[in-house]
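Novice: Sharing a structure, written as structure tokens. Questions coming.
The values are calculated or read from the model by the stated rules, or taken from the named source; none is laboratory data. Remember, it's a predicted structure, so these values are computed and weren't measured experimentally. For neighbour counting, all protein chains shown are included, and Cβ atoms are generated from backbone atoms with ideal geometry for every residue, glycine included.
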Amino acid sequence: MKTITEIRRENLLLLAEKYGSLAAISEAIGKKRTDPTLRQIKIRAISPKGTARNMGHYLARLIEEKLALPSGWMDQDHRFSNAKEEELEEFKLPKANTKPRTFVRIIPSTVKLEAGVPAYEKKDEVRCPTAVLSKRFLEENGYQLKDLRGLIAPEAIPSISICKGDITVINTAIRNPRQGSSTIFAYIRPDCSVYFAAGREPTREDLPLGKLIALVRRC
């Protein structure tokens, strides 16, 4: 009997046949065409933990939602051994949404210092919640997407209304906090721990990462 992960993988391959490629599906569900997630599931790529990459509940539901498939469709076996080719040809998928996107997703990152310079690495977007910002908000404030980074608040800071686990978005192009200012900045310590503070200048050891421009509540 097939496992749920085997069924989801086979259904992914079936969708790839109808959409033309995994890249097309990635784009349809809001990922970049070059995103490796679906290909890793297809080839059963081995994770650092030594297990094969499988499709989880979140990704299965995301595909169903974005492709307008019935809830639970990815969990059902659609590859019948006695299915005729013409029956499969009758299977129609909705066209991918090609309308211009008015929102951008900011995937949280981890950050560390490399030779005194902040180095960011994005988290797994399938498992990690993301921040969504409108393009109009970015345009009106002159923010460039390439300068924005998402960070998860490591601790609660009641004085500036930040809860532990909140998704923060910082603008790394603005890294000059001024004493007495109410603007909130993210800082990184030499041990690579991150904190947020307002109205202060960093100590000689701490490095400002950027100005806080958006906050997504998680508490």
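Novice: Identify, please: which residue in region 16-32 is assigned to a helix (DSSP H, G or I) and closer than 17 Å to residue 58 by Cβ and is, among those, nearest to the chain's Cα centre (by Cα)?
Specialist: Filtering region 16-32 for residues that are assigned to a helix (DSSP H, G or I) and closer than 17 Å to residue 58 by Cβ, the one nearest to the chain's Cα centre (by Cα) comes out as 26.
Novice: Answer yes or no: is there a residue in region 64-78 that is in contact with a strand residue (DSSP E or B) (Cβ under 6 Å, 6 or more places away or on another chain), charged (D, E, K, R), outside any helix (DSSP H, G or I) and at pLDDT below 90.
Specialist: Among the residues of region 64-78, not one is in contact with a strand residue (DSSP E or B) (Cβ under 6 Å, 6 or more places away or on another chain), charged (D, E, K, R), outside any helix (DSSP H, G or I) and at pLDDT below 90, which makes the answer no.
Novice: Pairs needed: first member in region 48-59, outside the structural domain of residue 75 (by TED's automatic domain parsing) and surrounded by 15 or more Cβ atoms within 10 Å (Cβ to Cβ); second member anywhere, among the acidic types (Asp, Glu) and at pLDDT below 85; C-beta distance under 6 Å; at least 6 residues apart or different chains.
Specialist: Close Cβ pairs satisfying both conditions: none exist.
Novice: Look at residue 60 and say whether it is closer than 29 Å to residue 106 by Cβ, at pLDDT 90 or above and touching a helix residue (DSSP H, G or I) at 6+ places or on another chain (Cβ under 7 Å).
Specialist: yes
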